[in-house]
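Read the structure below first, then the notes.
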There are 4 protein chains.
Amino acid sequence: VTTEQAARKGTASGDGNPGSRWLSGIVPPVCTPFNEDGEVDAASLERHLGFLIEAGVHGLFMLGSSGEAAFLTDAQRDRVLELAVKTADGQVPVLAGVIDMTTSRVVDHALRAKERGVDAIVVTAPFYARANHPAEVKLHFRTVRHRVGLPLVAYDIPIAVHTKLDLAVVLELAAEGVIEAIKDSSNDIHGFRALVTNTRQFEKLSVFTGSELVVDCALFLGAEGAVPGLANVDPHGYVALYESCRSGDWDKARRIQDRLVRLFEITACASPAKKGASSSGLGGFKTALMLRGVIAQNTMGLPQIALDAKETAAVRSVLEREGLL
Amino acid sequence: VTTEQAARKGTASGDGNPGSRWLSGIVPPVCTPFNEDGEVDAASLERHLGFLIEAGVHGLFMLGSSGEAAFLTDAQRDRVLELAVKTADGQVPVLAGVIDMTTSRVVDHALRAKERGVDAIVVTAPFYARANHPAEVKLHFRTVRHRVGLPLVAYDIPIAVHTKLDLAVVLELAAEGVIEAIKDSSNDIHGFRALVTNTRQFEKLSVFTGSELVVDCALFLGAEGAVPGLANVDPHGYVALYESCRSGDWDKARRIQDRLVRLFEITACASPAKKGASSSGLGGFKTALMLRGVIAQNTMGLPQIALDAKETAAVRSVLEREGLL
Amino acid sequence: VTTEQAARKGTASGDGNPGSRWLSGIVPPVCTPFNEDGEVDAASLERHLGFLIEAGVHGLFMLGSSGEAAFLTDAQRDRVLELAVKTADGQVPVLAGVIDMTTSRVVDHALRAKERGVDAIVVTAPFYARANHPAEVKLHFRTVRHRVGLPLVAYDIPIAVHTKLDLAVVLELAAEGVIEAIKDSSNDIHGFRALVTNTRQFEKLSVFTGSELVVDCALFLGAEGAVPGLANVDPHGYVALYESCRSGDWDKARRIQDRLVRLFEITACASPAKKGASSSGLGGFKTALMLRGVIAQNTMGLPQIALDAKETAAVRSVLEREGLL
Amino acid sequence: VTTEQAARKGTASGDGNPGSRWLSGIVPPVCTPFNEDGEVDAASLERHLGFLIEAGVHGLFMLGSSGEAAFLTDAQRDRVLELAVKTADGQVPVLAGVIDMTTSRVVDHALRAKERGVDAIVVTAPFYARANHPAEVKLHFRTVRHRVGLPLVAYDIPIAVHTKLDLAVVLELAAEGVIEAIKDSSNDIHGFRALVTNTRQFEKLSVFTGSELVVDCALFLGAEGAVPGLANVDPHGYVALYESCRSGDWDKARRIQDRLVRLFEITACASPAKKGASSSGLGGFKTALMLRGVIAQNTMGLPQIALDAKETAAVRSVLEREGLL
């Protein structure tokens, strides 16, 4: 069995190698292409999923921040998961973000995702309401796990939920078997090192970085993998980066990563005078995918604003400079 | 016709008095009582709504932060609105919070609320995703208004959504007729004064404070009313405060407000070592309502944690000291 | 004896009136005029102090944020205090900001100020270093008081020092007699109300707001006075506002305050693309004083950037509109 | 000539190796030992400086955050520099922090430091006042450089000054020759990677991390060295870490760094209920130095609170566990 197949079956071998964990490797947070009228563009999404799988990614994270989960209605979320499970067809695990404010709402999403056959769910700390005491955060994750029963990835994304997951909370949930993995999108490298170092004792806990820009450092420190939004645009680059790290060729890894850092400039092509960070960042991904011929257009979920012609030209320049067009 | 009836019909007379605006007065953000199993306790909710209406409140704001909107499933939200519209029965307007992350999700909630017969919807800035550029915030409110067609109250609550509504954005939306009112829960008294002063030109824009503690100041500055969570517990107090302000008896207003400030201590009876700010604050309201015999129990939406016996005793002491038991 | 003379002698009468406290009224945080070469312009400062005293202000706060204390060398600070004590000549009390990072440095400044004959010192929480635990904040104020021996005003300015003074800390220090007064520049109206309400028990504790924009509200709530930077430019307006509040004419107070709110636009005439908040705000004050003929020029302490011709014209327009030119 | 000697003479060879830059290696931010009465303990400081130099550190940074610059009077700062220059005696360069709020005050400190013979000064962005527009930050550094004339290290420490140095500002100042080096204490690994990558074009700009915990990552990314507070306690460890990185033995580097991460627990031995972050962190360093026999006692600058007996025992346990006692 391959690592991915093992992962899907939960057969962690526990031999101490990263590959033996529940999941490892590059797991892109998959973008959700839209039609002009703002509905999910099924053909584009299937094409995009195929593009990623062919490039060798190790899993698919649907309905994350890069997937515009926050912008999708419940019906649209259902549709995305159905398409992903069908297209993945067991080749790689499908993870589903179940992004919502508190426990009952998250459970509702998770049960809908489970019905559609996903392999795991990805859950943040509560947000909007200030129910983020460690006791409440633990109650949240435990309740979701208990009511849903699927493998659970904790999603540490303070920029969105305004709560950082405490290391002690993560360790306790991992020890109880409530969480199988954690995706760290906090850009706190000190916290990340502590996380990796302290979770080595849990054979089944996989630590992923949500960063696009320091995947080499994260893997050097011992992480199992990465969930980089930019892997939507250059999955081959991130797979190559992962393999270089796994083989211990750190100099090569750094060179690949440096190139990907330059490519990340596509997220800064929009004018800050005209639109916000989400429009600029996710808009950069979607515009690049459109220019690479993977998806049909770069429409964004409202109230985001799609990149205009001038901004699109800037994205094109970056792609050309980095040899992706 | 009474002010409230005029308000419900949108017949602002434009004579420059606060009472002529779309809505004015005390509009409690109504708590949502739960059964032990976490479902909406219909009998308690009806009793609570009756308690508020009898006390003379001028409107009912369902599914706000104090109503634990963030903790309710869609089915529970529907249920709350059905009970409120039925119980209010046209005596006072019913406003519905449609709290969600971005435009399409908010519209879905709003259309469900509209079907249930509410008089207006209450909408925050986008959250979770960073789609909070002024252009995006305006697009958000305009789209919701256009697709839903109900009167719209802008809800400025940076502590929850981490975006402050710009004064310029509010003025532009008011001038366009996109918003009928604003609830300011930002605790920025400078911004509030600027808001009140600058919106006097719009006959139909009602400015409400979301504060429990400076309603006297807010009305002194020219606000139309208040949406104080504590009015769940002491609606008579807030109605009396409002009437003192309207009659220009500022000394009496301050004395009533000072008493309500002391009563607000019920929100600080929980141990910060055991639970978060939401459990403590909303838990204080619900526990007081239970002790006053209005609702059956003080269960909280998960992952909040209800006040325990010791904390409940502390709430009781405050209620007794202030003559509410 | 007048209130001010009583204040200077510390003869609080304890009859429960605000006037009986250590200090009350309008105490401008006096701007520091510079020559072109960045040295203190003694003639302009003396003229400015005379302008304020003649307008009837109740005290002078030298070397506060508006006085650019952060931008002055120790020698310049000495010079400012010498000029202030000489010019005030016992007519009103002179307070000296002793702004620095931690205890020993503050004590050094305070002893220099004491030698120059000031009536009181104004002390913030520690900053730069994270020595802001309540125990440390209390140790800081106690040590300064003990080593210096002058009346001490606590200066609560989180925007500068990034620590909010806890109400409990303030109450404890007031009860011990460590602080005579507090200047609250936190723009936290809830905290301010709690402060005023809870400190009424201390006959000798004077509560001042540092706000320019809600002096009417602050006095309505029971504060003894205000330390508004804008009183540099329109001391007559603030003295009139104070007197209206003291006589209970709240409607007149609000009208005066509303005019002062409009005047405050002089602090927003600079281009945010070209300079920061300090240059814009203090630059607005200095430019207005220059245009009113009180000081010779609007030079700022480095690295602030003085208002240019276009920005100066914008300040002039506001002054003209409000009848100050 | 050695690297350090070259560095002191500013003879960067420009051959593209990190060693050819102005300065590279481990440059501890040296602690300042106090007597019981809070004065500088000269004997302890000389012993400590000797301990560091013998361990092979590549420079000495006096009067940084770890040196309690914020807690020292001007006279004490002078004393520290005199002792450092005398003890270093040309063996390694001596850098002096000139920490103060704005330009004129920083220049005053810098001229005093220059008189005492230091090799370079270390300057933060302005703080306390909001004079932190990029134009103002640049004016600040340029003015200090122009008036003082010594090599200048930019110190990026947002946790203290609440301003992050923009990459564009740093690049512009480096291109102009205003700054020779930068110490990045921002714990922003994305920003750090961008900084290192973009400054490779400047032969003479040295990039240092201020982190104790990811020196291996920082050097992997291309930094010239580190300024870790923990190097006060274990200079041999950091020098060995640096040499492993320079020789490309990343696995060894990571093992050493992992040990130093565990050692860093000495900064978390104090009770957060009793004292703040500075007391706990710097107190951990000083207590460890006392236990290792390097300095006489662990007195802290006021209002910090020294570690008590129980907290000291916790530090001892960590030192014993890591083989440093």
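No lab work stands behind these numbers, since they all come straight from the coordinates. Nothing here was measured: the structure is a model prediction, and the numbers come from that model. Note that we place each Cβ from the backbone using ideal geometry, even for glycine, and neighbour counts take in every protein chain shown.
What shape does segment D:207-254 have by the C-alpha gyration tensor, where a ≥ b ≥ c are the square roots of the eigenvalues, rounded means a/c under 1.5, and otherwise prolate means a/b greater than b/c and oblate the rest? Provide the component values of the computation, followed by the final result.
Values: a/c = 1.92, a/b = 1.22, b/c = 1.57.
Verdict is oblate for segment D:207-254.
Inter-copy label distances at A:E82, 7 Å along the Cα→beta-carbon direction, one decimal in nm, shortest first?
Label point to label point, same position, other copies: 2.6, 8.3, 8.5 nm.
Report Rg(Cα)/(2.2 N^0.38 Å) for segment B:78-152, keeping two decimals.
Rounded to two decimals, the normalised Rg is 1.14.
What is the mean number of Cβ atoms from other protein chains located within 10 Å of the Cβ atom of each residue in peptide C:92-104, rounded to a whole number?
Mean shielding count: 4.
Figure the gain on full extension for B:K274 and B:N198 (residue separation times 0.36 nm, minus the Cα-Cα span) and round it to one decimal in nm.
Numbers: separation 76, 0.36 × 76 = 27.36 nm, distance 4.31 nm.
My answer for the length gained is 23.1 nm.
Calculate the dipole size of segment A:238-312 relative to its Cα centre from +1 charges on Lys and Arg beta carbons and -1 charges on Asp and Glu beta carbons; express the result in debye to the nearest 20. Could you put the intermediate results ahead of the total?
Numbers: 11 positive and 7 negative charges, 11 e Å.
It works out to roughly 60 debye.
Taking the alpha-carbon set of chain A, what are its Rg and Dmax in Å?
Considering chain A through its Cα atoms, Rg and Dmax are 18.3, 52 Å.
At 7 angstrom along the Cα-to-beta-carbon line, where would the label on B:D37 sit relative to the other copies? Give the distances in nm, shortest first.
Here B:D37 shows inter-copy label distances of 4.1, 7.6, 8.6 nm.
Given a cut-off of under 8 Å on Cα pairs at least six residues apart, what relative contact order in percent is computed for segment D:180-325? Don't skip to the end; give the middle numbers.
Numbers: 197 pairs, mean separation 24.5, N = 146.
Computed over segment D:180-325, the figure is 17 percent.
Consider just the alpha-carbon atoms of segment B:160-277 and return their Rg together with their Dmax, both in angstrom.
Considering segment B:160-277 through its Cα atoms, Rg and Dmax are 15.5, 48 Å.
If you take the square roots of the eigenvalues of the alpha-carbon gyration tensor of segment D:147-209 and sort them as a ≥ b ≥ c, do you get rounded (a/c under 1.5), prolate (a/b over b/c) or oblate?
oblate
For C:V122, which sequence-distant residues (separation of 5 or more, or a different chain) have an amide H within less than 5 Å of its own amide H, given hydrogens modelled in the peptide plane?
Amide H neighbours of C:V122, under 5 Å, 5+ apart: C:A96, C:G97, C:V98, C:V153.
Could you line up B:C269, D:C217 from fewest to most neighbouring Cβ atoms inside 10 Å?
Numbers: B:C269 22, D:C217 28.
Least crowded to most crowded, the residues run B:C269, D:C217.
I'd like the Karplus ³J(HN,Hα) series for segment D:39-53: coefficients 6.51, -1.76, 1.60, θ = phi - 60°, whole numbers in Hz, and an x wherever there's a Gly or Pro.
Running phi through 6.51 cos²θ - 1.76 cosθ + 1.60 with θ = phi - 60° gives 8, 4, 8, 4, 4, 5, 5, 5, 4, 5, 4, x, 4, 5, 5 Hz.
Using unit Cβ charges (K, R positive; D, E negative) and no other charged atoms, how large, in debye to the nearest 20, is the dipole of the protein assembly as shown about its Cα centre?
Numbers: 136 positive and 156 negative charges, 1 e Å.
My answer is approximately 0 debye.
With a 10 Å Cβ neighbour count serving as the proxy for reagent exposure, in which order, fewest first, do B:R116, C:R193 appear?
In order of increasing Cβ crowding within 10 Å: B:R116, C:R193.
Using a Gaussian network model of chain C whose springs link C-alpha atoms within less than 10 Å, name the residue from C:A296, C:A129, C:A218 with the highest mean-square fluctuation.
Comparing C:A296, C:A129, C:A218 in a Gaussian network model of chain C, the most mobile one is C:A129.
Looking at the axis that maps chain A onto chain B, which chain A residue has the closest Cβ, and how far off is it in Å, rounded to a whole number?
Per the Cβ-to-axis criterion, the result reads A:H162, 3.
Please compute the modelled spin-label separation between C:A75 and D:R262, points set 7 Å along Cα→Cβ, answer in nm with one decimal.
5.6 nm
Using a simple spin-label model with points 7 Å from Cα along the Cα→Cβ vector, what separation in nm is obtained for D:K252 and B:L111?
Spacing of the two 7 Å Cα→Cβ label points: 6.7 nm.
Note down the net charge around B:L289, summing +1 for each Lys or Arg and -1 for each Asp or Glu among other residues with Cβ under 12 Å from its Cβ. Please list the in-between numbers first.
Details: positive: B:R47, B:K286, B:R292; negative: B:D41, B:D234.
Result for the local shell: +1.
Return A:R77, A:R254 ranked ascending by Cβ neighbour count within 10 Å, so the fewest neighbours appear first.
Values: A:R77 25, A:R254 20.
In order of increasing Cβ crowding within 10 Å: A:R254, A:R77.
Decide, for the protein assembly as shown, between rounded, prolate and oblate: order the square roots of the alpha carbon gyration tensor eigenvalues as a ≥ b ≥ c, take rounded if a/c falls under 1.5, and otherwise choose prolate if a/b is larger than b/c, else oblate.
On the way: a/c = 1.60, a/b = 1.01, b/c = 1.58.
Oblate, since a/c reaches 1.5 and b/c is not below a/b.
Looking at segment B:13-147, what % of the alpha carbon pairs are farther apart than 21 Å? Before the final figure, lay out each step's value.
On the way: 4029 of 9045 pairs.
The calculated P(r) of segment B:13-147 puts 45 percent of pairs beyond 21 Å.
Hey, what did segment A:74-185 get for relative contact order, percent, Cα under 8 Å, at least 6 apart?
23 percent
Across the residues of C:183-191, average count of Cβ atoms on other protein chains within 10 Å? Please list the in-between numbers first.
Working: counts 0, 0, 0, 0, 5, 3, 10, 8, 2.
What the average comes to for C:183-191 is 3.
Taking every DSSP beta bridge that has both residues in the protein assembly as shown, what percent is antiparallel when rounded to the nearest 5? Intermediate values should be presented prior to the final figure.
On the way: 4 of 96 bridges.
Rounded to the nearest five, the antiparallel share is 5 percent.
Around D:N35, which amide H atoms from residues at least 5 apart in sequence, or from another chain, sit under 5 Å from its own amide H, with H modelled in the peptide plane?
Sorted by chain and number, the residues that satisfy this are D:V40, D:D41.
Can you quote the Å³ per residue value for the convex hull of the Cα atoms in segment C:259-323, rounded to an integer?
Numbers: hull volume 4.9 nm³, N = 65.
Output value, Cα hull per residue: 75 Å³.
Using a Gaussian network model of chain B with C-alpha springs under 10 Å, which one of B:Y242, B:Y128, B:Y155 is most mobile by mean-square fluctuation?
It is B:Y128.
Starting at the first residue of segment B:93-107, write each ³J(HN,Hα) from the Karplus equation 6.51 cos²θ - 1.76 cosθ + 1.60 with θ = phi - 60°, in whole Hz, x for Gly and Pro.
With the stated coefficients, segment B:93-107 comes to x, 10, 9, 10, x, 10, 6, 7, 6, 8, 4, 4, 5, 5, 4 Hz.
As a test, work out the antiparallel percent of DSSP beta bridges whose residues both lie in segment B:9-148, rounded to the nearest 5. Please list the in-between numbers first.
On the way: 1 of 8 bridges.
Antiparallel: roughly 10 percent of the beta bridges in segment B:9-148.
Could you pull the copy-to-copy label distances for C:D251, with points set 7 Å along Cα to Cβ, in nm to one decimal and sorted shortest first?
Computed spacing set for this position: 1.7, 8.5, 8.6 nm.
Would you please give the FRET efficiency between A:R147 and D:E172, computed as 1/(1 + (r/R0)^6) with r the Cβ-Cβ distance and R0 = 51 Å, to the nearest 0.05?
0.40
What does the average come to when, for each residue of peptide D:208-218, you count the partner chain Cβ atoms lying within 10 Å of its Cβ? All intermediate terms of the calculation are to be shown ahead of the outcome.
On the way: counts 0, 0, 0, 3, 1, 6, 7, 0, 4, 9, 2.
That average works out to 3.
As a test, work out the antiparallel percent of DSSP beta bridges whose residues both lie in chain B, rounded to the nearest 5.
DSSP beta bridges in chain B are roughly 5 percent antiparallel.
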